[in-house]
Every structure is written in C-alpha cells, then in structure tokens.
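Visitor: Pasting in a structure now, in structure tokens, and then I'll have a few things to ask.
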Amino acid sequence: MLNIINLSEASPLVLVLVLIIAVFLWIEGYRLYKLAVFFLGFMTGFTLSAFILKYISAVPVPGIIIQVVVGLTLGAASFLILKLGLFIAAACAAFLLLSNLLHSLGITGTVIAFAAAVVAGFVATKADKPVIIVLTSIVGGFALTEVLYRLVLLIPYDTSFLPPEKSIIWLIVKALVSAVGIAVQYSKVRDED
C-alpha cells in the first residue's frame with residue numbers, strides 16, 4: 001500500500017514533530033488550511049518523485065534533492081493556487097481513507113482508491129469551508145492516530161494487547177478521531193461567524 005507519509009521507520013523526534021503538526025491540523029485546520037495544503041502538496045510531490053525515482057537508474061543529482069525540489073514546487077503551487085491545493089488535499093485524503101479501508105478488508109484496490117481520489121479532488125474544487133474542515137480533520141486525525149500508535153510501540157513494555165497495525169479497528173479509531181476534529185473545528189468556525 002502506498003502511503004503519503006511512511007512513519008513505520010521514523011525516529012522519535014520525527015514522530016513528535018509530525019504529532020505537533022497533526023494536532024494543529026486536526027483542531028485548527030480551517031485556520032491553517034493554506035499551510036496544510038502546502039504541506040500536503042510538498043508531501044505528495046516528495047513521495048511521488050521518490051516512487052518515480054525508484055524506477056530510474058541514472059539520475060545526475062541525488063534523489064533527495066529532486067524529491068525536495070518537486071515537493072517544494074508542488075507545495076508552493078498548492079499554496080498559491082487554492083483550487084490545486086484543495087484538489088491535492090481531497091485526493092490525498094480520499095486515497096488514504098479508501099486504500100486503508102480496502103487494505104483492512106483484505107482487498108488490493110490501489111486503482112479504485114486512485115480513481116476515487118481523482119473524483120474527490122474535482123468535487124473539492126467546487127466546495128469551500130465544509131470541505132476544508134473535513135479534509136484537515138481527516139488528515140490530522142489519521143496522522144495523529146498513526147503517530148500515537150508508533151509512539152506507543154516505542155514504549156519498552158508489552159504492547160501485544162494492541163490490535164494488529166492493519167486491523168480495521170485502527171481505521172475505526174482514525175475515523176472517530178477525525179470526527180472529533182470535525183466537530184471541534186465546526187464549532188469554532190460557527191462561533192466566529
């Protein structure tokens with residue numbers, strides 16, 4: 001399964017940094033959506049260029065430089081062109097959600113998840129505040145849950161009581177955490193209106 005961010009081998013410092021970003025995105029996503037779409041654009045460009053570079057043997061510069069340049073370019077484009085940023089954010093969220101769901105059910109559905117991601121991206125370009133709130137809450141909620149899971153695994157105690165990593169239970173937990181983020185953000189935005 002292709003993930004936008006693979007945290008399985010991340011250091012504790014990276015996990016803590018991602019945790020901080022995830023909490024802000026989860027709770028304050030609407031206020032920070034331009035930064036959120038920059039971050040998602042950067043991660044999408046970084047990850048896709050890494051995926052493509054795996055199949056190219058002769059590259060004149062180090063791969064990490066290409067990944068950073070592509071990531072920054074797509075991040076800046078997402079930041080400056082809101083519709084592009086919304087497209088990328090919705091597509092990433094739909095892809096992650098559907099691919100995780102299909103994987104939890106034992107189905108390999110990368111093509112289905114990709115097609116749904118493209119449709120979700122086009123739908124999001126026609127939306128406004130609710131889509132931004134839902135997207136930032138989902139991305140933040142999923143990242144928050146994943147990081148907390150990874151941090152718990154670092155505790156030097158028996159963690160065998162936890163469900164397996166690819167269990168549908170984790171998808172349900174991620175969805176519930178995301179729902180809490182949606183409710184919190186919606187109440188904050190409603191109070192400001």
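Visitor: Of these, A94, A89, which one is touching a helix residue (DSSP H, G or I) at 6+ places or on another chain (Cβ under 6 Å), modelled with pLDDT of 80 or more and not β-branched (V, I, T)?
Guide: Details: A89 fails: modelled with pLDDT of 80 or more.
Just a single option satisfies the conditions, and that option is A94.
Visitor: Restricting to segment 148-180, count the residues that are assigned to a helix (DSSP H, G or I) and surrounded by fewer than 20 Cβ atoms within 10 Å (Cβ to Cβ).
Guide: Let us first name the residues in segment 148-180 that are assigned to a helix (DSSP H, G or I), namely 148-153, 168-180.
Next cut, surrounded by fewer than 20 Cβ atoms within 10 Å (Cβ to Cβ) only: 148-153, 168-173, 175-176, 179-180.
Count: 16.
Visitor: Please find, among T136, T110, the residue that is modelled with pLDDT under 85 and farther than 19 Å from K34 by Cα. Walk me through how you get there before you give the answer.
Guide: Working: T136 fails: farther than 19 Å from K34 by Cα.
Residue meeting the stated conditions: T110.
Visitor: Among the candidates L40, L48, L35, L74, single out the residue that is at pLDDT 85 or above and either under 18 Å from A91 (Cα atoms) or not in a helix (DSSP H, G or I) (or both). If you could, list the steps in order and put the result at the bottom.
Guide: Details: L40 fails: at pLDDT 85 or above; L48 fails: at pLDDT 85 or above; L35 fails: at pLDDT 85 or above.
Exactly one residue qualifies, and that residue is L74.
Visitor: Further question on the same structure: For residues that are within 18 Å of the chain's Cα centre (by Cα) and among the β-branched types (V, I, T), scanning just segment 41-72, find the one that is nearest to G29 (Cα to Cα). If you could, list the steps in order and put the result at the bottom.
Guide: In the first step, residues of segment 41-72 are kept if they are within 18 Å of the chain's Cα centre (by Cα); the result is 41-51, 67-68, 70-72.
Applying the additional criterion that residues be among the β-branched types (V, I, T) yields 44, 47, 68, 70.
Details: T44: 18, T47: 22, V68: 24, V70: 24 Å.
Looking at the filtered set, the residue picked out is T44.
Visitor: I would also like to ask the following. Would you check which residues across segment 125-147 are hydroxyl-bearing (S, T, Y) and surrounded by fewer than 23 Cβ atoms within 10 Å (Cβ to Cβ) and list them? Give the derivation first.
Guide: As a first pass, look at segment 125-147 and keep what is hydroxyl-bearing (S, T, Y): 125, 136-137, 145.
Within segment 125-147, T125, T145 qualify.
The values are calculated or read from the model by the stated rules, or taken from the named source; none is laboratory data. All values reported here derive from a predicted model rather than from experimental measurement. Please note: Cβ atoms are built from the backbone with ideal geometry, for glycine as well, and neighbour counts cover all protein chains shown.
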